[in-house]
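Scroll down for the structure; my scribbles are underneath it.
Each reported figure results from applying straightforward, stated rules to the coordinates on display, with no laboratory input. Worth saying up front: this structure is predicted, and the values here are computed from it rather than measured. In this analysis, Cβ positions are derived from the backbone assuming ideal geometry, glycine residues included, and neighbour counts consider all displayed protein chains.
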Amino acid sequence: MKFIDEAKIYIKAGHGGQGCISFRREKFVPRGGPDGGDGGKGGDVIFRATEKHRTLLDFKYRQHHIAKNGGHGSGNNRTGRSAADLIISVPVGTVIKDAETQEVFADLSQVSQIHVAARGGIGGKGNAHFATSTHQTPRFAQDGMEGEERWVLLELKLLADVGIVGFPNAGKSTFISRVSAAKPKIADYPFTTLTPHLGVVKHAKAPSFVIADIPGLISGAHQGMGMGINFLKHIERTSALLHIIDVSAEPYTDAWENYKAINNELGLYNPSLLQKPQIVALNKIDLPPVREKAKKEVALFKKNGIMLFEFSAVTGEGISKILNKIVSIIHKKKKETL
Ligand SMILES: Nc1nc2c(ncn2[C@@H]2O[C@H](COP(=O)(O)OP(=O)(O)OP(=O)(O)O)[C@@H](O)[C@H]2O)c(=O)[nH]1
Ligand SMILES: [Mg+2]
């Protein structure tokens with residue numbers, strides 16, 4: 001069970017720009033004084049907390065983050081351009097540590113909170129600084145300073161955006177293992193999943209999100225039947241529920257009965273769970289008897305004002321549509337809370 005997302009990345013701030021060696025050239029002045037400008041400052045590397053991202057997945061694809069160097073100074077006392085800081089967006093809740101010592105540098109718990117993790121080098125001084133009464137033509141200037149560099153460890157406690165509910169054996173774990181790297185045990189018997197599993201899902205161009213696979217619910221779960229319902233606390237703060245329905249085997253071969261039974265248990269645990277958007281999806285349509293039934297089930301749900309998705313967690317058919325729907329719900333929710 002891994003509820004902590006982590007990523008180790010290398011950051012490097014920009015070099016300071018070089019100071020310039022230059023001398024004034026003016027008409028009628030044969031040997032002008034030094035006018036080499038200073039180098040500009042290298043960019044800092046700054047972490048900034050945002051609600052745009054929910055996981056550290058992007059950092060698994062990009063490990064090196066390097067800010068730009070400062071511009072070199074030039075003649076006529078022109079200072080080099082200071083480089084822009086490199087702002088790295090991380091999810092709210094990200095803890096930033098030294099990768100070697102584990103020392104905590106920052107805990108970005110608020111939106112827009114920042115942490116300067118590596119400072120850019122200051123620019124070198126141009127030769128204009130070094131003229132003295134005895135040495136009026138200094139032919140040297142300073143190099144810029146190195147930018148700071150280090151390996152940092154990012155850690156984030158994952159919170160589920162979507163919780164999967166359904167009867168045992170419905171295919172919840174098969175679904176999460178198909179759409180994420182989570183590898184819960186999958187088996188042809190009820191209560192295979194005994195503890196919640198989280199998976200990070202990346203779909204289309206949307207920011208990644210977190211999905212929770214929990215043990216199956218049964219009628220009477222609120223009275224402690226089956227695995228009980230205490231694990232439902234893991235989905236209390238989600239933005240949506242994905243309700244997976246299986247009509248391939250007894251005793252729940254009717255999707256509507258199945259739908260009502262699960263929602264009854266959810267409501268008895270915490271009525272606010274019923275306020276969440278719920279995506280209802282019929283699984284195992286790769287099985288001919290299920291596919292045959294599907295049309296009728298979809299029509300019945302439609303009559304009750306509910307869209308019933310159809311899919312197969314095994315073949316992947318229909319999954320993309322479900323993920324599109326989840327992404328749009330999360331996106332909408334985010335816009336509401338901003
Ligand atoms: N034919 C078919 N079988 C499926 C599909 N999805 C899941 N199964 C099978 O259904 C059984 C149960 O799948 P799981 O993913 O373990 O179900 P679960 O909902 O996580 O079950 P619990 O953890 O016990 O609550 C396994 O034998 C799966 O191979 C599907 O789309 N088609
Ligand atoms: Mg399972």
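Numbers below:
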{"quantity": "Given charges at Cβ of Lys, Arg, Asp, Glu: the chain dipole, positive-most of Ser248, Ile88, Val152", "calculated": "Ile88"}
{"quantity": "Length-normalised contact order of the range 13-76 in % [C-alpha pairs under 8 Å, at least 6 apart]", "calculated": "52 percent"}
{"quantity": "Ascending count of other beta-carbon atoms within 10 Å, so fewest first, for His135, His15, His115", "calculated": "His135, His115, His15"}
{"quantity": "Percent RCO, i.e. relative contact order, over the chain, from Cα pairs under 8 Å lying at least 6 residues apart", "calculated": "16 percent"}
{"quantity": "Where chymotrypsin sites (Phe, Trp or Tyr not before Pro) fall in DSSP loop in the range 159-219, at most 14 other Cβ within 10 Å", "calculated": "Phe191"}
{"quantity": "DSSP bridge pairs, the chain: antiparallel proportion in percent, nearest 5", "calculated": "55 percent"}
{"quantity": "Relative contact order for the range 162-337, counting Cα pairs under 8 Å that sit 6 or more residues apart, in percent", "calculated": "21 percent"}
{"quantity": "Base-10 log of normalised Debye intensity for the range 162-337 (one unit scatterer per alpha-carbon) at q = 0.09, 0.13, 0.17 Å⁻¹", "calculated": "-0.27, -0.59, -1.07"}
{"quantity": "Net +/- balance of residues flanking Leu282 in space, Cβ distance below 15 Å, scoring K and R +1, D and E -1", "calculated": "+2"}
{"quantity": "Listed residue pairs exceeding 23 Å between alpha carbons, taken from Lys183/Lys334; Lys276/Lys334; Lys303/Lys333", "calculated": "Lys183/Lys334; Lys303/Lys333"}
{"quantity": "FRET efficiency for Asn270 and Asp143, using Cβ-Cβ distance with R0 set to 45 Å, rounded to 0.05", "calculated": "0.10"}
{"quantity": "Beta bridges by DSSP in the range 4-157, antiparallel share as percent, to the nearest 5", "calculated": "75 percent"}
{"quantity": "Listed residue (Leu57, Phe140, Gly120) projecting farthest to the positive dipole end of the range 4-157, Cβ model", "calculated": "Phe140"}
{"quantity": "Column: log10 I(q)/I(0), Debye, Cα scatterers of the chain, q = 0.16 Å⁻¹", "calculated": "-1.22"}
{"quantity": "Cα-based equivalent ellipsoid, the range 4-157: semi-axes from gyration tensor eigenvalues, Å", "calculated": "43, 13, 10"}
{"quantity": "Rough spin-label spacing in nm, given labels placed 7 Å along Cα→Cβ, for Lys27 and Lys52", "calculated": "5.3 nm"}
{"quantity": "Net lengthening on full extension, Asn324/Arg237 (0.36 nm per residue, minus Cα-Cα)", "calculated": "29.3 nm"}
{"quantity": "Pairwise FRET efficiency - Leu194 versus Ser112, Cβ, R0 = 56 Å, nearest 0.05", "calculated": "0.90"}
{"quantity": "Expected 222 nm ellipticity per residue - DSSP helices of 4 or more, -39500 (n - 2.57), all of the chain, to 500", "calculated": "-5500 deg cm²/dmol"}
{"quantity": "Loop-exposed GluC sites (Glu not before Pro) per DSSP, neighbour cap 16 Cβ within 10 angstrom, longest uninterrupted part of the chain", "calculated": "147-235"}
{"quantity": "About the Cα centre, charge dipole magnitude for the chain (Lys/Arg +1, Asp/Glu -1 at Cβ), debye", "calculated": "1160 debye"}
{"quantity": "Of the chymotrypsin sites (Phe, Trp or Tyr not before Pro) in the range 78-140, those whose Cβ has at most 14 other Cβ within 10 Å and which sit in DSSP loop", "calculated": "Phe140"}
{"quantity": "Hydrodynamic radius (Kirkwood) for the range 101-193, which is based on Cα pairs only, to one decimal in Å", "calculated": "20.0 Å"}
{"quantity": "In the range 127-199, the trypsin sites (Lys or Arg not before Pro) that fall in loop regions by DSSP, at most 13 other Cβ within 10 Å", "calculated": "Arg139, Lys185"}
